[in-house]
1. Taking the residues in the stretch 1-32 that are under 14 Å from the mean Cα position of the chain (by Cα) and at pLDDT below 55 as candidates, determine which candidate is nearest to Ala115 (Cα to Cα).
2. Tell me, which residue of the stretch 33-62 that is modelled with pLDDT of 65 or more and among the basic types (Lys, Arg) is nearest to Asp156 (Cα to Cα)?
3. Just one of (1) at pLDDT below 90; (2) β-branched (Val, Ile, Thr); (3) more than 21 Å from the chain's Cα centre (by Cα) trips up Val141, so point out which.
4. List every residue pair whose Cβ atoms sit under 7 Å apart, with the two residues 6 or more apart in sequence or on different chains, where the first one lies in the stretch 88-111 and is assigned to a loop (DSSP other than H, G, I, E, B) and the second, anywhere, is exposed (fewer than 12 other Cβ atoms within 10 Å of the Cβ).
5. Restricting to the stretch 170-198, and then to whatever is polar (S, T, N, Q) and within 16 Å of the chain's Cα centre (by Cα), can you tell me which residue is nearest to Leu155 (Cα to Cα)?
Amino acid sequence: MNTDRWTYRVFQSAPDLIRALLPRSAAATNDLGLNPAAQGDRLYRFESLEIKELSHRLDGVLWPRETTGCGETGSPEFPVVLLEVQMHPDPGFHHRLAAQTYRFLQQHPQVEHWAVLVITPHSRLKLGPAQALQVFLEQQVVWLNLEELSQQPDLDPLLNLLTLPVRPEGELAASSRRILASRPDLDKVVLAMLMQRLPQLSNEEIMVIAGIPMEEPRHTRAAQDWLAAGRQEGRQEGEAGP
């Protein structure tokens with residue numbers, strides 16, 4: 001999951017974001033939790049779940065909170081959401097998606113209402129033929145194209161967070177600063193995504209792009225320590241290989 005780690009961090013930090021990405025939930029997304037006092041996890045909790053036997057690790061499962069009244073089963077308004085991020089071509093993607101989805105349902109028979117959100121970088125990504133799975137894909141899967149999302153005017157800062165992996169490098173600074181102006185608590189997520197996009201830059205340069213004031217020593221030390229840990233994690237993943 002190392003190439004898709006950014007989505008893990010985004011949805012782990014603000015799982016309620018899923019409400020803005022499902023069509024039947026669109027009417028209830030006026031408040032995405034941009035207030036730093038509201039952490040964006042009031043309605044959903046995020047989990048990275050490994051499917052038994054075949055050892056398929058889902059990119060994420062978003063479970064409704066117990067306060068919604070449907071924590072384990074889901075509901076039409078708050079379905080259990082399986083998250084799949086596919087940033088590279090994969091001719092077997094559709095069949096794998098269906099297989100792991102139904103394996104999940106087999107192992108969680110209590111789930112009654114569910115949906116699948118697939119995030120792709122752009123519409124040109126080739127994922128193989130889907131004719132055999134057309135009914136499944138049309139009825140249960142929501143496709144999110146990050147390139148199209150990034151082109152929407154006046155994009156909400158929290159949705160903007162999802163677009164950082166596909167934005168041109170010249171837009172990263174402005175987008176990152178808009179996000180952190182509304183949600184300063186997401187600084188670690190933004191820094192991690194910038195570090196992945198711009199690995200050739202130093203910690204100080206990444207902090208400047210994100211708009212973290214260098215004149216605040218305590219803030220600077222915390223960011224530096226976290227960036228150093230992130231780079232070490234990246235090196236370990238690289239040594240471990242795919």
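The values are calculated or read from the model by the stated rules, or taken from the named source; none is laboratory data. Values in this document were obtained by computation on a predicted structure and should not be read as measured data. Counting neighbours? That spans all protein chains shown, and the Cβs are built from the backbone with ideal geometry, glycine included.
1. Met1
2. Across the stretch 33-62, the extreme among qualifying residues is Arg42.
3. Among (1) at pLDDT below 90; (2) β-branched (Val, Ile, Thr); (3) more than 21 Å from the chain's Cα centre (by Cα), Val141 violates only (3).
4. Final answer for the pair search is Pro89/Lys126.
5. Ser176
Results for (1) in contact (Cβ under 8 Å) with a residue 40 or more places away in the chain; (2) surrounded by 20 or more Cβ atoms within 10 Å (Cβ to Cβ); (3) not basic (Lys, Arg), shown as yes or no for each residue.
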| residue | (1), (2), (3) |
| --- | --- |
| Glu147 | no, no, yes |
| Ser150 | no, yes, yes |
| Asp156 | yes, no, yes |
| Leu159 | yes, no, yes |
| Pro168 | no, no, yes |
| Ala173 | no, no, yes |
| Pro184 | yes, no, yes |
| Gln200 | no, no, yes |
| Asn203 | no, no, yes |
